[in-house]
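Note sheet for the following structure.
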Amino acid sequence: MKKIDNLIIAKKKFKSRLIVGTGKYKNMSDCAKAIKFSGAEIVTVAVRRVNIVDKKKPLLMDYIDPKKITYLPNTAGCFNSQEALRTLRLAREIGGWKLVKLEVLGDKKTLFPDMIETLKSTEILTREGFKVMVYCTDDPLMAKRLENSGAAAIMPLAAPIGSGLGIQNYTNIKIIRKQTKLPLIIDAGLGQASDATIAMELGCDGVLVNTAIARAKNPFQMALAFKNSVVAGRQSYLSGRIEKFLFGSPSSPKEGII
């Protein structure tokens with residue numbers, strides 16, 4: 001019998017390995033439609049930027065049912081530990097969310113994570129009972145420290161947020177994969193579906209995509225493309241690729257030639 005290949009984060013099982021952001025779309029209707037095409041079962045919600053409580057304004061919950069899709073509150077826009085902690089504590093009070101995404105940025109130009117503040121925040125949130133999925137650099141040493149601090153998932157960037165550059169450091173991602181037992185999810189910087197395939201072929205457990213889908217000329221087709229690319233990349237990784245050789249190797253048998 002074929003083993004079910006679920007993504008497991010903090011003991012929760014998900015069939016899809018694609019996580020989708022809810023920002024940057026033209027409207028919430030387009031966002032909901034793209035998520036449906038993507039097949040994603042987890043969506044990130046920027047607590048500081050998205051209205052989830054004021055019923056006088058459009059509510060995300062009216063378009064994306066939190067009973068069917070797992071909301072992953074994140075701390076987008078936070079530049080220090082204090083802001084991030086306050087934001088996630090608010091999310092817990094509003095909706096009881098404990099599975100969260102931590103993102104503490106270092107500066108407004110690169111949007112790289114401040115790893116000192118990130119590590120400190122992870123330690124505090126873990127002690128408070130949060131299951132923390134952590135946006136981080138692709139530094140294997142910092143990734144290991146996050147794991148030792150109780151993180152629920154490691155989420156290294158592929159490239160700067162929204163850049164669309166794709167994975168810039170294959171080697172570090174491979175090292176992180178070798179040394180961690182936590183879910184490894186590429187977060188930020190992907191630009192097209194093939195980037196997701198590459199991430200999955202490197203052994204990542206999933207990818208998080210927002211800008212590449214939301215800003216595509218046809219976000220719905222791009223969402224479907226990412227859905228398929230993640231599945232293909234995962235299947236390729238599990239299949240075990242052939243070794244690389246410097247010279248050619250004939251596909252036909254060498255013996256029995258007429």
Do any residues in the stretch 158-177 that are in contact (Cβ under 8 Å) with a residue 24 or more places away in the chain and within 18 Å of G206 (Cβ to Cβ) have Cβ atoms under 7 Å from those of residues that are of a type in the set (V, I, T) and assigned to a helix (DSSP H, G or I), where the two are at least six apart or on different chains, and which pairs are they? I167/I173; I167/I198
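In the stretch 199-213, how many residues are surrounded by fewer than 23 Cβ atoms within 10 Å (Cβ to Cβ), out of contact with any strand residue (DSSP E or B) (no Cβ under 6 Å at 6 or more places or on another chain) and closer than 21 Å to F14 by Cβ?
So the count comes out to 3.
Every residue, every condition in (1) modelled with pLDDT under 95; (2) farther than 17 Å from F226 by Cβ, yes or no:
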site	(1), (2)
A151	no, yes
I154	no, yes
L165	yes, no
N169	yes, yes
I175	no, yes
Q179	yes, yes
P183	no, yes
A188	yes, no
I198	no, no
Go through the stretch 152-258 and tell me which helices (runs of 4 or more DSSP H), entirely inside it, have 3 or more residues that are more than 26 Å from V132 (Cβ to Cβ) and of a type outside the set (A, V, I, L, M, F, W, C). 193-201, 219-239
Picking from K26, K108, K36, K57, which residue would you name as being assigned to a helix (DSSP H, G or I) and out of contact with any strand residue (DSSP E or B) (no Cβ under 9 Å at 6 or more places or on another chain)? K36
So which residues in the stretch 17-32 are of a type outside the set (A, V, I, L, M) and modelled with pLDDT of 95 or more? R17
Considering only residues of the stretch 161-188 that are closer than 15 Å to K144 by Cα and of a type in the set (D, E, K, R), which is surrounded by the fewest Cβ atoms within 10 Å (Cβ to Cβ)? K181
Of the residues in the stretch 33-51 that are farther than 21 Å from V231 by Cβ and in contact with a Pro (Cβ under 6 Å, 6 or more places away or on another chain), the one that is modelled with the highest pLDDT is V45
What are the residues in the stretch 2-26 that are without any contact (Cβ under 8 Å) to a residue 12 or more places away in the chain and on the phi < 0 side of the Ramachandran plot, if any? K2, K3, I4, N6, K13, K26
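The values are calculated or read from the model by the stated rules, or taken from the named source; none is laboratory data. Being a predicted model, the structure only gives us computed values, none of them experimental. For neighbour counting, all protein chains shown are included, and Cβ atoms are generated from backbone atoms with ideal geometry for every residue, glycine included.
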